[in-house]
Amino acid sequence: MSQLTGNTTAFIEAQQYSQFILENLHDYLLPEGMYRDVSDFGSGTTLNIKTVGTVTLQDAAEDTPLNFSPIDTGTLNLSITDYIGDAWKVSDDLREDGAQVDTLMAMRAMESTRALGENHESRMLAVANAAQTAAGVNLVNGRPHRWVGSADSNARTITLSDFISMKLAFDKANAPAGGRIAIVDPVVEASLNSLSNLVNVSNNPMFEGIVTEGFARDHKFVKNIFGWDVYTSNFLPSLTAAEAIDASGYGLTSETAAVGDKANVFMCIADDSCKPVMHAWRRAPQTEGWRDQEERADKYQVTSRYGFGAQRVDTLGVILTHPSNY
């Protein structure tokens, strides 16, 4: 008698499990170096940094003493504010009865590290946005550094004129021409990819290939717009309150950004003195593992302590945009 499916059911394993484990899809994180890493903050809770203002010249005349005027001074503060971590364990029973448990634990560790990186980037961008005064143009040397995207009809999307205006704002703030970056939401990239008037600047060699390639590659724009190297990030802060900003007196919009709108961050990071955000590690991400004999399990944890702070606002700009319009 032949062995058939009907009389050999004991050898039919209906449920099969692949050796392949499907991983999560993650965003590319921004590169390091977009903030100043403070090296002289190894202990304590708050670091005070002295600042000095600028000098105003006065007219001089023969046989007339000059006025003695002090220079403005102040302090900036950086505190260790973030203490985060993650923990997991694997029991002996799971190791004995399970399959691919070591692979699972390795992937668990990678996911933990990834979550810490995403938290770190989100905090940096949030601190940059919070450094400015909400619902205001944040003037520096007579030019605004915060406004709502300049597209018509309250679309709240970015156009090329916004990049020109932010370039002018940084020029007036004496920010170096090198090291200027813009960190924008992927929706903004879609806005730029769909702009029909990009052909008007196609004679700029930096725009070659724009139509066929698009802008973004591994979350860094492969093009440069009016001196701005543009990156994308899914971790830009969202507004928690509406902001009415009237920048119409500067050739920009008078619009109200809504709750949920994105804060796209522009910065100059030419050197540590220019960077608007500073950062200090008190404990870089550190993983520990130990054996718990009572629970008959291996335990792991990773912890991190750090702080971000704003060190200057004249090399910082923010353009608010709709979270989905492009």
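Comparing Cα centroids, segment 246-295 and segment 46-81 end up 29 angstrom apart. What segment 61-123 shows is 69 Å² of accessible area per residue, with the surface traced by a 1.4 Å probe over protein heavy atoms. Each label was represented as a point 7 Å from its Cα along the Cα-to-Cβ direction; for Glu118 and Ala177 these points are 4.0 nm apart. Put simply, the amide H of Leu139, placed in the peptide plane, has neighbours under 5 Å in His145, leaving out anything fewer than 5 places away on its chain. Placing Ser248, Ser79 in order of accessible area, with the largest value first and a 1.4 Å probe, yields Ser248, Ser79. Pairs over the 19 Å Cα-Cα cut-off, from the set Lys172/Lys262; Lys50/Lys275; Lys50/Lys172: Lys172/Lys262; Lys50/Lys172.
A 1.4 Å probe, protein heavy atoms only, puts the accessible area of Ile71 near 80 Å².
Placing a label point 7 Å from the Cα of Asp102 along the Cα-to-Cβ line, the residues of segment 296-311 whose backbone N sits under 17 Å from it are 298-299.
The values are calculated or read from the model by the stated rules, or taken from the named source; none is laboratory data. It should be emphasised that the depicted structure is a prediction, and the values quoted were computed from it without experimental measurement. No Cβ is skipped: glycine too gets one built from the backbone with ideal geometry, and neighbour counts run over all protein chains shown. All accessible areas refer to the heavy atoms of the entire protein, side chains included, with ligands and DNA or RNA removed. Shrake-Rupley method; radii C 1.70, N 1.55, O 1.52, S 1.80 Å.
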